[in-house]
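Written below as structure tokens is the structure these notes are about.
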Amino acid sequence: MRTRRNTLKRFRRDQRGVAAIELALVIPILALSAVCVGDLGRCALQRTWVSYAASAGAEYAVTNATNGFNASKITAAATAAAPVSGISVSPAPSEFYGCAAATGVSSSTQGATCPPDTSTGGTAGKYVSVTATMPFSPLFRGVGTSYPSTLTATAVVRIQ
């Protein structure tokens with residue numbers, strides 16, 4: 001009986017292998033954290049690409065405003081500017097009249113007078129809106145993580 005008790009006491013005091021057990025418990029948590037951070041980084045990078053594509057389409061519209069509005073050329077400029085495939089311009093670029101305010105551009109009609117609280121402060125200006133989209137599929141779909149299935153960015157510029 002005494003030898004059994006002594007063996008149990010020695011077993012409790014023995015520290016060999018504790019680090020291996022701790023490592024086995026911590027590695028899954030670290031791996032899961034790394035995958036989540038990687039997904040977050042991919043999402044941010046792809047969102048930047050989508051924003052860049054929308055901005056490039058809007059820049060093309062401003063640069064070529066004197067040539068008239070051409071939705072297909074604006075779309076081509078937006079998709080060509082992105083460093084990846086899979087970015088689309090949807091809905092098609094649109095041209096509209098509006099009044100700019102701190103919260104965005106509100107639609108108006110040609111020649112209409114804008115309210116005094118808008119930055120245009122006169123007649124409605126001509127704007128172009130370009131919306132770029134890209135599907136996003138995360139590497140990890142876990143509890144507590146939610147990513148959009150489609151990344152979207154819109155650029156609105158005044159051309160006149």
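No lab work stands behind these numbers, since they all come straight from the coordinates. This one's a predicted model, so the numbers in the text were calculated from it and none came from an experiment. Because the Cβ atoms are built from the backbone with ideal geometry, glycine has one as well, and the counts that use them run over all protein chains shown.
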Only sites in a loop by DSSP and with at most 15 other Cβ atoms within 10 Å count here; which trypsin sites (Lys or Arg not before Pro) in region 59-160 make the cut?
Arg141
Could you check the simple spin-label distance between Arg10 and Asn64, using points 7 Å along Cα→Cβ, in nm with one decimal?
8.5
[x] 173; [y] 159; [z] 115: which one is volume of the Cα convex hull per residue in Å³ as calculated from this entry?
[x]
Span-like helix ranges in the chain, DSSP H, alpha carbon extent 27 angstrom or more, Kyte mean at least 0.0
18-63
What residue among Cys99, Thr75, Gln15 has its Cα farthest toward the positive end of the dipole of the chain, where the charges are +1 on Lys, Arg and -1 on Asp, Glu, each on the Cβ?
Gln15
Starting from the Cα-Cα distance between Thr48 and Lys73, subtract it from 0.36 nm times their residue separation and give me the gain in nm to one decimal.
6.8 nm
Roughly how many debye, to the nearest 20, is the charge dipole of region 2-158 about its Cα centre, given +1 on each Lys and Arg Cβ, -1 on each Asp and Glu Cβ, and no other charges?
1820
Within a Gaussian network of the chain (alpha carbon springs, distance under 10 Å), most fluctuating of Ala112, Ala71, Ala132:
Ala112
Once normalised by the length of region 2-158, the mean sequence separation of its alpha carbon contacts under 8 Å that are 6 or more apart gives a contact order in percent of 24
